[in-house]
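One structure is given here, and the rest of the page talks about it.
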Amino acid sequence: MKIIILLCYFLTTTSFQGEHFALSGQGNRFQPIDNIQLLSNFSNVDVTASCAMYCLQNTFCRTFDFDSISHQCHLYEGSVDTGMIIPANSSNIIGWIEILPSMFHLYNASADQCKDNRYLSSDIVSNRCQCPDRTFWNGSMCLNQRFIGDTCQENNWCRNDLNIGCILSICSISPTTTISSTTTTATCTTLINYNDIENQTNTSGDIPNGYKNLLWTNAEYINVSSTPIDSGYRSAVSNGVFVMQNKNNNNITISTANV
């Protein structure tokens, strides 16, 4: 048997208006699809209505579980249909907020209209009323994001914060990319500075084959003092005044002399 109760709060804020809770029969306990959906535990709670009040005060709460003997109150962010109702002691009862499309009529309205809305949040990027964290828009309501094995249509239907994404219409663990790197120690410890080329001029010239035991094609040296002061040539100098450039904009080839 299901009982409907109405809790009314006469507070100065408009966050709480009339809220409808549904109650299961006695002897039932809520089991969430994942324990991460447990929001809070409260002890020494006297009656079911007090547990419901705690749920209302937490904007993420949609389901509560109350035991009248242990006086324990558990709050869950998952709607009752996201988990299971299982048999329990007769002192245990489940309550949940009945989520209706009418609660989301301001979806995508300007953000100022949902400032104190329990079911929508103001998105600072779009400046619109959007679904709160860990919920998604299904076209009419903001539902709890889903877990591994649940069906999905979009990636945001799944718990992205837990690395769960929508893969082939099923919420699954998203593949991760592993980046590996290899460090290579250079065997050449002295940089080529082109300062010791035979018969070198003060401005520019071809880099001859055999220089540093290498074969050079379309490569020439140039004195950076002859280049524009704001060019990149001057920052490329390692030691001395010469750098290498490609001759006549042709492709440079450098190979070992024994090839």
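The values are calculated or read from the model by the stated rules, or taken from the named source; none is laboratory data. Just so it is clear, the model here is predicted, and its values are computed rather than measured. So basically every Cβ, Gly included, is an ideal-geometry build from the backbone, and we count neighbours across all protein chains shown.
Could you check THR14 against (1) modelled with pLDDT of 95 or more; (2) of a type in the set (S, T, N, Q); (3) under 20 Å from PRO132 (Cβ atoms) and say which number it fails?
With respect to (1) modelled with pLDDT of 95 or more; (2) of a type in the set (S, T, N, Q); (3) under 20 Å from PRO132 (Cβ atoms), THR14 is out only on (1).
Test SER102 against the criterion of being over 20 Å from ASN41 (Cα atoms), of a type in the set (Ser, Thr, Tyr), in contact with a helix residue (DSSP H, G or I) (Cβ under 9 Å, 6 or more places away or on another chain) and free of Cβ contacts under 8 Å to residues at least 40 places away in the same chain, and give yes or no.
Here the answer is no, as SER102 does not meet what is asked.
With the checklist (1) at positive phi; (2) part of a helix (DSSP H, G or I) in hand, flag the one item MET103 doesn't pass.
Unmet for MET103, out of (1) at positive phi; (2) part of a helix (DSSP H, G or I): (1).
If the requirement is being modelled with pLDDT under 95, within 30 Å of LEU162 (Cα to Cα) and surrounded by 12 or more Cβ atoms within 10 Å (Cβ to Cβ), which of these qualifies: LEU56, LEU39?
Only one candidate passes the filter, namely LEU56.
Select, from ILE124, ILE164, the only residue that is among the hydrophobic types (A, V, I, L, M, F, W, C), surrounded by fewer than 20 Cβ atoms within 10 Å (Cβ to Cβ) and outside the structural domain of ASP34 (by TED's automatic domain parsing).
Going through ILE124, ILE164 in turn, the sole match is ILE124.
Could we say that ILE93 is surrounded by 14 or more Cβ atoms within 10 Å (Cβ to Cβ), in a strand (DSSP E or B) and either at pLDDT below 95 or not assigned by TED's automatic domain parsing to the domain that holds ASN144 (or both) here?
Criteria met by ILE93.
I'd like to check something: does region 57-80 contain any residue that is at negative phi, assigned to a helix (DSSP H, G or I) and outside the structural domain of ASN156 (by TED's automatic domain parsing)?
Yes.
Would you point out the residue of region 111-145, among those that are among the hydrophobic types (A, V, I, L, M, F, W, C) and over 17 Å from the mean Cα position of the chain (by Cα), that is farthest from PHE60 (Cα to Cα)?
Looking at residues that are among the hydrophobic types (A, V, I, L, M, F, W, C) and over 17 Å from the mean Cα position of the chain (by Cα), I get ALA111.
Can you name the residue in region 166-199 that is under 23 Å from THR253 (Cα atoms) and touching a strand residue (DSSP E or B) at 6+ places or on another chain (Cβ under 7 Å) and is also modelled with the lowest pLDDT among such residues?
Across region 166-199, the extreme among qualifying residues is ASN193.
Just to be sure before I move on: is SER110 in contact with a Cys (Cβ under 9 Å, 6 or more places away or on another chain), exposed (fewer than 15 other Cβ atoms within 10 Å of the Cβ) and in the same structural domain as ASP133 (by TED's automatic domain parsing) in the structure I sent?
When the stated conditions are applied, SER110 passes them.
In the list SER126, SER70, SER110, SER91, which residue meets the criterion of being in contact with a Ser or Thr (Cβ under 6 Å, 6 or more places away or on another chain) and hydroxyl-bearing (Ser, Thr, Tyr)?
SER91
Any idea which of (1) surrounded by fewer than 19 Cβ atoms within 10 Å (Cβ to Cβ); (2) farther than 26 Å from GLY139 by Cα is the one SER24 doesn't satisfy?
It is condition (1) that SER24 fails.
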